[in-house]
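Take a look at the structure set out below.
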Amino acid sequence: VSEFYYQGVIDGMTELLEQLREVTGARGYLDGDSIGERHFHDLMGARRIRPQLLLRPGTTAELSRILALCHAANQPVAVQGGMTGLVSAAAPQQGEIAISMERMKQVIEIDPFTATITVEAGLPLQTLQETAAEHGLLFPLDLGSRGSCTIGGNLSTNAGGNRVIRYGMTRDLVLGLEVVLADGTVLEGLSKLRKNNTGYDLKQLFIGSEGTLGVITKAVLKLMPQPGTQDVAVCGVNGFEKVAELLLHAQKTLGGNLTGFEVIWRNTYELICQHATKVKAPLPVDYDFYVLIESMGSGGKGDRTGFEDMLGAALDLGLVSDAVLSNSAAERDALWQVRDAAAGVAAGIGFMHNYDISLNVSDMDYFGTEVEKRLRSHWPDAILGLFGHVGDGNLHIIIHVGEQTRALHQAIDDVIYGLIRELGGSVSAEHGIGLMKKSYLDYSRSAQEIQLMKTLKQALDPKGILSPGRIFD
Ligand code: ZN
């Protein structure tokens with residue numbers, strides 16, 4: 001590269017920066033030290049690269065002009081929501097401009113007759129949930145990072161969380177999207193129609209594609225009636241075959257009211273009791289598994305008795321050894337805190353590698369035993385815990401093996417994803433692929449599938465400026 005050419009690039013860059021600043025104004029344009037460190041990395045935090053610029057568009061029109069300029073200049077961008085991801089999809093790479101959706105956080109409309117809410121992408125999930133609740137409606141998507149994650153991030157990663165068993169993943173809650181394409185084209189699709197079989201369902205391309213095919217700016221989302229009752233129990237269960245039977249029992253007896261079936265392996269429960277000091281353990285450390293069951297009913301008198309009957313029968317059948325049932329909203333929250341604490345034990349232990357995988361429920365018991373055996377053959381003193389949304393076949397694994405290094409992470413990846421490949425599972429259930437899992441994409445996807453993904457990327461983003469290198473190279 002000659003000096004002359006280098007100078008040319010700098011000149012082009014200066015021009016681009018001036019044009020971008022004109023589009024966003026001072027409020028939407030941050031550089032150098034004014035870029036907060038939270039824009040350098042997501043929750044996994046292994047990468048810490050300062051973006052060369054942080055743009056915060058205030059409107060779809062602004063974002064459209066930003067992307068048109070970046071497209072013309074071949075300038076790569078990293079699209080950012082609440083930065084609570086776990087696979088480094090939103091963490092900027094060297095030379096990228098970060099685009100944060102944090103200023104676009106309006107609730108545009110709540111429509112009780114179609115039971116929909118129309119929002120901007122930067123709206124925090126919890127604000128969305130609370131806004132729906134104020135109108136007597138429920139937005140059922142729920143995950144531990146609800147206070148800081150944004151609906152745009154939830155959409156672009158197709159987030160799952162705690163209530164998928166009844167309401168589905170984020171994808172299942174979307175009716176319409178507005179998206180800005182790589183060249184600045186605005187795709188207006190804010191439809192409230194539940195049935196709309198008019199050719200390809202284009203919005204699905206952008207849900208779960210981690211910002212690589214377009215930038216979601218607005219969404220029309222489904223709302224549900226606010227449930228009238230909510231009952232939660234934590235059960236002590238011995239033997240995984242009883243966990244699996246308890247799931248079938250809960251599905252059969254609670255029917256559509258079953259909203260949560262979360263399982264904490266004993267190893268995680270011990271870590272919670274030791275390190276999550278704010279959490280009051282509802283049961284002693286005597287059982288192989290701790291199962292949180294949640295039921296939401298429409299408010300009839302039968303809801304509570306139905307839940308109690310389900311638990312009573314589970315005890316009589318010997319599926320459950322002991323159970324604690326919530327009697328108030330505070331007790332309900334306290335039981336959920338036990339489950340949420342599984343993700344937060346790092347504070348007392350040190351860096352935890354965090355995994356998110358899918359399996360057939362019939363393989364989970366073997367997986368739990370086998371993964372520990374294989375990990376201990378490399379790291380005899382590893383601290384590990386399993387927990388997850390067993391009703392959806394989704395497990396999380398947290399592992400501490402001492403010092404945190406990238407090479408070590410790859411070695412743990414190889415153990416876990418190798419076993420997942422043997423069992424025909426998925427290397428990502430709800431966190432996405434990002435930069436961190438892309439070398440394992442072909443463990444869960446065929447060569448033909450990956451080729452079609454690349455064809456779509458090429459068609460929608462021919463210059464490769466949108467979050468390049470995420471999902472695949
Ligand atoms: Zn989860």
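Couple of notes before you dig in:
- Test for HIS389: is it on the phi < 0 side of the Ramachandran plot and either under 22 Å from the mean Cα position of the chain (by Cα) or surrounded by 14 or more Cβ atoms within 10 Å (Cβ to Cβ) (or both): yes
- Counting only strands (runs of 3 or more DSSP E) that sit wholly inside region 308-407, those with at least 2 residues that are touching a helix residue (DSSP H, G or I) at 6+ places or on another chain (Cβ under 6 Å) and within 15 Å of the ligand (Cβ to nearest atom) are 353-358, 383-389.
- Flag if TYR443 is modelled with pLDDT of 95 or more, open to solvent by less than 30 Å² (accessible area, probe 1.4 Å) and in contact with a Lys or Arg (Cβ under 9 Å, 6 or more places away or on another chain): no
- Scan region 271-292 for residues that are modelled with pLDDT of 95 or more and under 25 Å from the mean Cα position of the chain (by Cα) and the total you get is 6.
- Checking GLY368 against (1) open to solvent by less than 30 Å² (accessible area, probe 1.4 Å); (2) farther than 25 Å from ILE416 by Cα; (3) under 29 Å from the mean Cα position of the chain (by Cα), the condition it does not meet: (2)
- Residue within region 266-288 that is under 30 Å from LEU155 (Cα atoms) and open to solvent by 50 Å² or more (accessible area, probe 1.4 Å) present: no
- Residues (basic (Lys, Arg) and touching a His at 6+ places or on another chain (Cβ under 9 Å)) located in region 27-53: ARG47, ARG48, ARG50
- Yes/no for ALA342 being surrounded by fewer than 21 Cβ atoms within 10 Å (Cβ to Cβ) and of a type in the set (A, V, I, L, M): no
- Within region 408-431, being open to solvent by 10 Å² or more (accessible area, probe 1.4 Å) and within 16 Å of the ligand (Cβ to nearest atom) holds for GLY425, SER426, SER428, ALA429, GLU430, HIS431.
The values are calculated or read from the model by the stated rules, or taken from the named source; none is laboratory data. Everything numeric here is computed off the predicted structure, so don't read it as measured data. When we count neighbours, we look across all protein chains shown, and the Cβ atoms used for this are built from the backbone with ideal geometry, even at glycine. Surface accessibility is based on the protein's heavy atoms, side chains included, excluding ligands, DNA and RNA. Shrake-Rupley method; radii C 1.70, N 1.55, O 1.52, S 1.80 Å.
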